[in-house]
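Reading through the structure tokens given below for one structure.
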Amino acid sequence: MTGNQFRGPVNLLIFDLSYNYLGLGRADELKFITSLTNCSNLNELSIQRNHFAGPLPNSIANLSTHLYFLAIGENQISGSIPSQIGNLINLNALGIYSTFITGFIPTSIGMLQNLQRLYLGKNSLSGKIPYNIGNITQLTALDLEYNNLQGSIPLSLANCTKLLALSLSRNNLRGTIPKQIIGLSSLSIALYLSLNFFTGSLPSEVGNLKILEQLDVSKNKLSGEIPGTLANCKSMRELYMQGNAFRGDISSVFTTLTSIEFLDLSYNNFSGKIPKYLEGFKFLQYLNLSFNNFEGEVPKQGVFGNASAISVVGNDNLCGELFKATDGFSSANLIGAGSYGSVYKGILGRIENVVAVKVLNP
């Protein structure tokens, strides 16, 4: 731009350094943010996916109130989120994810009432989720996964009636899953609650998730039977319930979930027969029913015809083609094991065809 005759002040609106290799991992590399506080009309600041290190300066809360996009994730940034982050009242998207940020989520975040996307996942945040996060009623996406957050899910999140995706997985959250949250009918993309310490049953309000595609409540301490209202969730493509203490007969629970692609019910206390109607689920690619109390014959058609797509190990009362052929997947028939699963020798039918049966590692 040299050699021109430009006139007037320089007005910086967008400062974008994202997706580069900037930064040397030094402690003072974010000082330049302080100088940007003089840019009174700055709209966007993005330094995500670089090699910047050092503490996040408190001056970031003094950036232009015109700022609507702030993304600093996927760096080696440390420190805490400035307590005055609520000053940035016009933020539409805030991304501070995959860093070394610690401390609490500041309560001032509830002042960001224009915020639609909030990504604070994959940090080391602790403390409770601020109750006034429910003041951000324009939220469409909230990601707090992979932190050390404690306490319960704030009921105020029920005010966020535009939420499309909510991820609280891999924290230390406890208590029951609030019916007001799992009943948010706006959720259409994903609801991730796995790897916490939730107890109690799955609320019947789960049936409000009629347009939800992905639900993950795996590896908690949930119990009881699956509510029949789950049948309303006809858009469900992925459902993960493994690693809980769910019980009961599922013979009529999933009949309407014909769009399902991935279904994992392993490591629970389900009983009864494996539903034969699952044979007709043409989109079903992965089915894990292992380590339950299922009994009777294993269906043979559909997904059951693909040994690499289904696991039924750990159900001692099952009978069927592959289960009998491998003597109940006994260790005596184990040929080998790797990181992805185990291979068993099986003898099929009266003519005693010898086959190798691979079982995915659940």
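Worth pointing out:
- Test: residue in segment 23-40 that is under 30 Å from the mean Cα position of the chain (by Cα), touching a residue at least 24 places away in the same chain (Cβ under 8 Å), crowded, with 16+ Cβ neighbours inside 10 Å and not in a loop (DSSP other than H, G, I, E, B): no
- Complete set of residues in segment 226-268 that are within 13 Å of Asn288 (Cβ to Cβ), outside any loop (DSSP other than H, G, I, E, B) and among the small types (Gly, Ala, Ser): none
- Scan of segment 168-194 for residues that are closer than 17 Å to Ile105 by Cα and buried (at least 21 other Cβ atoms within 10 Å of the Cβ), ordered by number: Leu168, Ser169, Asn171, Leu173
- With respect to being in a loop (DSSP other than H, G, I, E, B), polar (S, T, N, Q), more than 23 Å from Asn317 (Cα to Cα) and assigned by TED's automatic domain parsing to the domain that holds Val312, Ser186 fits the description.
- Here the condition is being assigned to a strand (DSSP E or B), more than 20 Å from the chain's Cα centre (by Cα) and under 15 Å from Ile177 (Cβ atoms); of Ser223, Ser271, it holds for Ser223 alone.
- Members of segment 45-83 that are assigned to a helix (DSSP H, G or I) and surrounded by fewer than 19 Cβ atoms within 10 Å (Cβ to Cβ): Asn58, Ser59, Ala61, Asn62
- Looking only at residues in segment 284-314 that are over 25 Å from Lys219 (Cα atoms) and part of a loop (DSSP other than H, G, I, E, B), the one that is nearest to the chain's Cα centre (by Cα) is Asn306.
The values are calculated or read from the model by the stated rules, or taken from the named source; none is laboratory data. Keep in mind it's a predicted model, so treat the numbers as computed, not measured. So basically every Cβ, Gly included, is an ideal-geometry build from the backbone, and we count neighbours across all protein chains shown.
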